[in-house]
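In what follows, a structure is listed as structure tokens, so that the remarks can point back to it.
The values are calculated or read from the model by the stated rules, or taken from the named source; none is laboratory data. Remember, predicted model here, so these are calculated numbers, not experimental data. Note that we place each Cβ from the backbone using ideal geometry, even for glycine, and neighbour counts take in every protein chain shown.
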Amino acid sequence: MRESTDPLVATSARYRAFAEVEARGLSACYERWAVGIADDPQLVSLIDELPAAKRQPNLMFSAARFHGAPVGEYAPFAAWLPKHWADVAATCLTHATQTNEPGRCAVLLPALAALAGPLALIEVRASAGLCLHPDRYSYRYRFADSDSDSDSGSGSGSGSGGGDERMLHPVDGPSPVLLDCVVSGPVPLPERMPDIVWRAGIDLNPLDVHSDADVAWLEALIWPEHDDRRSRLRAAVAVARQHPVEIVRGDLNDEIEALVARAPAEATVVVFHTAVLAYLNETDRNRFAGQMTRLPVRWLSNEGYSVVPGVAERLTATPAESSAFILAQGSEPIAFTQPHGRSLHWIR
């Protein structure tokens, strides 16, 4: 479990870990805020009024921005937070870090396309379900170096570019959602979209793409400097509104078996998730892993180091970035990924 999400870790240590591992290089604002709070006993004491599970930096920062916190330096934020703490705390108590980043589909797609279809997709902790539409987005895969073209698979996809990039579009033409991803290693880039015939999700609190309040919360979960992600989110919401997907309300461990049973009998059932299991305790993570072994499914996880039982022990390579996620099929690691889907390094 990442230190910043571990409720057993002291608040100051959680915020320092978030600054040093997760925010560094990705959000200067959040890095400054997290370092500042780690060294600010007054604000640590304020945050400690929340239940331990609700003290995580990403949740509190998103709630603060949801209520208009000034983005930028730490001092203005530190002055703002106590004055608005009642609103921020209430949002922390009623909301969760349901980041629904469609860009993550770019690192999932090669693994999905490599499975025998047709596919039935089930995403656990699906939020608003934006990652349940990988076949409805366009992709631009850029090779990290000139040697990548020869070892990244031969598929170029419909509307493909040449040389240092490959394009892939839905069967009915380019999507308003274009996902960029830098690839390296022997990535099996697909020639066509996977055949997805059924899709559903599970979430403790499903978000509705037709709700302005829910979409506003999804935007608040995007880190301050990531304007491209905000634009992409809005475009993906528009796509999802045209293709309703059922998201079952409930705990992933309690609901997964019944949902798997509802999938079409002729389909390969794929259960997948990104940045989910870190928020479960060890008992619940092990229970979920056990169900994935027992049920007739293919299991794709995209999680932080040491989060999915058995995956880290099978690694034969080391990620270049400490913040990298590990994409795994079952307990077998197959790639390192950037947490928001910006890059994919295939290792299998």
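Tallying residues that are modelled with pLDDT of 95 or more and surrounded by fewer than 17 Cβ atoms within 10 Å (Cβ to Cβ) within region 236-264 yields 14.
Can we say Ala258 is without any contact (Cβ under 8 Å) to a residue 40 or more places away in the chain, assigned to a helix (DSSP H, G or I) and on the phi < 0 side of the Ramachandran plot? Considered against the rule, which asks whether it is without any contact (Cβ under 8 Å) to a residue 40 or more places away in the chain, assigned to a helix (DSSP H, G or I) and on the phi < 0 side of the Ramachandran plot, Ala258 comes out as yes.
Within region 51-78, being of a type in the set (A, V, I, L, M) and closer than 14 Å to Thr11 by Cβ holds for Ala52, Ala53, Leu59, Met60. For region 323-347, a residue qualifies if it is surrounded by fewer than 23 Cβ atoms within 10 Å (Cβ to Cβ), of a type in the set (Ser, Thr, Tyr) and closer than 18 Å to Phe143 by Cα, and exactly one does: Ser343. Within region 70-86, the set of residues being over 24 Å from the mean Cα position of the chain (by Cα) and assigned to a loop (DSSP other than H, G, I, E, B) comprises Pro70, Gly72, Glu73, His84. Checked against the criterion of being part of a loop (DSSP other than H, G, I, E, B), at pLDDT 95 or above and more than 20 Å from Cys181 (Cβ to Cβ), the candidates Ala120, Ala126, Ala96, Ala116 yield just one match: Ala126.
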